[in-house]
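Have a look at the structure below before the remarks.
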Amino acid sequence: MGIANLWKLLDEEGAIVRVDGSDENDPDAQRIIRESVDGKALAVDLSLWILQACTQQALDEVYNEDLGFDDPDASKTAKIVFERALNYLRHGCVPIGVIDGQAPWQKLGALRARWGAHAGGGGGAFGRCGEVALEVLRALGLPGVEAPGEAEATCAVMDSMGIVDGCVTSDGDSLLFGARTVFKTLRLSHHDQRDLFMERVEAADVGKRLMLGDDVEHVAPALTTLALLTGGDYDLTGAKNVGGTKALLVVKALTKDEARRRALAGAAGRDRRDRTLPERLDAFLAAPPDPTIEALDKCTGCVRCKHDGCGKGKIKSHVRGCRSCGTEKGCIERDGECQ
């Protein structure tokens, strides 16, 4: 789904708002979900609805060729889209369905790995189901859009331009394309309010947690940098031996360094031309190795907290505090290897 482990990383950063209508310990959960969608127009990436319709085994017993359905997948898609569209409307929300157009050739490998035989890209059985989905929505008087490329990209553009109030998609690439509000999961039910469930991400909140400041425009370049390191739909492997946690640390470090550079340039009256984080990453990788690091021939870390001891050799503990631990006196004991 876009950047490798993106949702896991954002969840660990506390950027995913998760509300479960069946949570008995949260009496406001159902109200929060209803208020989150009431009066809103949401762009829905229909690829997930179509895939779920085609792979629900319970529907196979009803919709199959033996019972006279010439195209069972299309019939199952029509049922799912019809029922979910009604549930959206019953909660005061207008769904705007978006289907995939022609996917970029660079992404075909990721699509095949993700969807298998149901891979999208604007054609085949998946494409026919998309046409049926739009036909159902239009029959209900609802808008339906065929994206020129990827559905999540069109959803994101509609959101960033203020055409809709958010996107419903499980593809994290929507944030890279500039989406402001993404419902990773949105389950609405008219019959039982306990079935309500929502997972929502706000780009502004992601920006704050990545120390990008208040400018939401910086979120997409930061996540693009993360994708370059961890791998994504356009590069399945990413950088060698760089996982999500380490990549996130790199993004935060580049962000902090760029903010400091802009502040120093502004104080000196110099041009403060902002560089995007991908540009900062390119510059960092192109720079020669730090000679002070290359000169190290032994560990200079702290035995207690594992952070840099700022000396010529190992130290037992920080006496005057450790900046990495955030202490002014002493340090925090940690297990593991020296950092």
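The values are calculated or read from the model by the stated rules, or taken from the named source; none is laboratory data. Everything numeric here is computed off the predicted structure, so don't read it as measured data. Note that each Cβ is placed from the backbone with ideal geometry, even for glycine, and that neighbours are counted across all protein chains shown. Heads up: the accessible areas ignore ligands, DNA and RNA and are worked out on the full protein's heavy atoms, side chains in. Shrake-Rupley method; radii C 1.70, N 1.55, O 1.52, S 1.80 Å.
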Residues of the stretch 178-190 satisfying the condition of being under 16 Å from ASP20 (Cα atoms) and of a type outside the set (A, V, I, L, M): PHE183, LYS184, THR185, ARG187, SER189, HIS190
Criterion violated by SER22 - all others in (1) in contact with a Lys or Arg (Cβ under 6 Å, 6 or more places away or on another chain); (2) polar (S, T, N, Q); (3) surrounded by 14 or more Cβ atoms within 10 Å (Cβ to Cβ) satisfied: (3)
Filter result for ARG180 (under 21 Å from ALA41 (Cα atoms), within 13 Å of the chain's Cα centre (by Cα) and either of a type outside the set (Gly, Ala, Ser) or at pLDDT below 90 (or both)): yes
Inter-residue pairs, beta-carbon under 7 Å, first under 15 Å from LEU285 (Cα atoms) and touching a residue at least 60 places away in the same chain (Cβ under 8 Å) and in the stretch 231-259, second part of a loop (DSSP other than H, G, I, E, B) and open to solvent by 20 Å² or more (accessible area, probe 1.4 Å), 6+ apart: GLY238/ALA4
Residue in the stretch 107-129 that is assigned to a loop (DSSP other than H, G, I, E, B), closer than 16 Å to ALA43 by Cα and either of a type outside the set (Lys, Arg) or modelled with pLDDT of 95 or more (or both) present: no
Residue count, the stretch 278-300 (criterion: open to solvent by less than 80 Å² (accessible area, probe 1.4 Å), of a type in the set (A, V, I, L, M) and at pLDDT below 80): 1
Leading residue by the ranking (most open to solvent (accessible area, probe 1.4 Å)) among those in the stretch 43-64 that are assigned to a helix (DSSP H, G or I), touching a helix residue (DSSP H, G or I) at 6+ places or on another chain (Cβ under 7 Å) and closer than 20 Å to THR169 by Cβ: GLN52
Residue within the stretch 21-42 that is farther than 28 Å from LEU142 by Cα and in contact with a helix residue (DSSP H, G or I) (Cβ under 6 Å, 6 or more places away or on another chain) present: yes
Conditions (1) under 30 Å from ILE332 (Cα atoms); (2) touching a Lys or Arg at 6+ places or on another chain (Cβ under 8 Å); (3) modelled with pLDDT under 70; number of the one not met by ALA265: (1)
From LEU228, LEU212, LEU196, residue being in contact (Cβ under 8 Å) with a residue 12 or more places away in the chain, open to solvent by 10 Å² or more (accessible area, probe 1.4 Å) and either aromatic (Phe, Trp, Tyr) or touching a strand residue (DSSP E or B) at 6+ places or on another chain (Cβ under 9 Å) (or both): LEU228
Criterion: in contact (Cβ under 8 Å) with a residue 60 or more places away in the chain, within 21 Å of ARG138 (Cα to Cα) and touching an Asp or Glu at 6+ places or on another chain (Cβ under 9 Å) - qualifying residue of ILE50, ILE96: ILE50
Some residue of the stretch 238-259 being modelled with pLDDT under 90, among the β-branched types (Val, Ile, Thr) and part of a loop (DSSP other than H, G, I, E, B): yes
Total residues in the stretch 138-181, condition open to solvent by less than 30 Å² (accessible area, probe 1.4 Å), assigned to a strand (DSSP E or B) and closer than 19 Å to ILE50 by Cβ: 3
